[in-house]
Structure formats: structure tokens, C-alpha cells
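The values are calculated or read from the model by the stated rules, or taken from the named source; none is laboratory data. No experiment lies behind these values; they were computed from the predicted model shown. Reconstructed Cβ throughout: ideal geometry from the backbone, glycine too, with neighbour counts over all protein chains shown. For the accessible areas, the whole protein counts, side chains as well, though only heavy atoms, and no ligand, DNA or RNA atoms are used. Shrake-Rupley method; radii C 1.70, N 1.55, O 1.52, S 1.80 Å.
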Amino acid sequence: MASNDPDLPDPPGDPQPGDLIEIFRPAYQHWALYLGDGYIINLTPVDESQAAAMSSVKSVFSRKAVVRMQLLKEVVGSDSYRVNNKYDHNHTPLPVCEIIERAQVLIDQEVSYDLLGSNCEHFVTLLRYGEGVSEQATRAIGAISLVTAAASAFSVLGLINTRSRNRPF
């Protein structure tokens, strides 16, 4: 089901070959690249059946993935999606024929997967632009950095507070 939210940057519609497809899972966004004729290419976990891999949060924590060509409607299932070529304003897409050729060579190949450094968004943007980009990963790294900084600050404050209480006056 395509998203009909008017606040989304790219209106839903018929995807064109080479388009990035953002699929809204309950806890994260999954990314795919539209090949044409209803098919997409995307990353799925190595150790899961094709059907289970489509919606599993386990896919976020895998270290390996398989590149699969699947029907968009089967991958989306009951979730929503949108065409989202959000990086076109600062990255030039490769020619569509090159994007599709690069994608087809990878079908059924096993690739490394890392949530922060080599995820499904990195994969499809690498195909479209020749460079892997993931705003989702950048946000996650920023959140991790913030939590780490806060934890360090609380540790230092706790240490200072403990030393203050232990000083004789």
C-alpha cells in the first residue's frame, strides 16, 4: 500500500526503474530499489526464509544479507511505502540502465551487512548514486554518541559528587 501522507517529500505513485523505495516497518524503514514490472531488489537476512525475512526485525541485527529480486507488493505486505529519491538534490543518480545492470549482477549474492555502516539504505543508494548514503544510520550514530556523552557526563558528575561527600571539612 503506497503512503498517502501529504507531508511526505515524494508523492506516492508508480515507481520508475531506478527509484528508491522506502518501506515503513513497525520499528524501522526498509529500503529497496525498483527494477521495473513490479519487482524490486533488496537485502534480506541469510538465515531466514524468504517470507519471514520481509518483515522481520531480526534483519536489522544480521551480519550477512542476501540480495534478492522480489515483487514489491510481496515485500511491502500490509506495510506502507513511498518512492523516496531524497538524495537526488545532492547526489547525481547514475543512468537508469547502469543502475539496473549493477543491481542485476548482485541478485542472489551474499553481502556483508552492518546496521550503521552497510545497511539496506546504503545498498540501494550505492546502486543509484555510486555512493552508499544512509540518513537513518547517521541519525542512529548521532543518538548513540549522545547517549554515550550523557552517560560519561553522569559518570563524571557521580564521581565528583562521591568525592565531595567523602572529603573531610
**Fill in**
Scanning the range 13-30 for residues that are assigned to a loop (DSSP other than H, G, I, E, B), more than 22 Å from G130 (Cβ to Cβ) and open to solvent by less than 50 Å² (accessible area, probe 1.4 Å), the one modelled with the lowest pLDDT turns out to be G13
**Prompt:** Taking the condition part of a loop (DSSP other than H, G, I, E, B), at pLDDT 95 or above and closer than 17 Å to L20 by Cβ, does L94 pass?
**Reply:** yes
**Item:** Check on Y129, out of contact with any Asp or Glu (no Cβ under 8 Å at 6 or more places or on another chain), aromatic (F, W, Y) and modelled with pLDDT under 95
**Value:** no
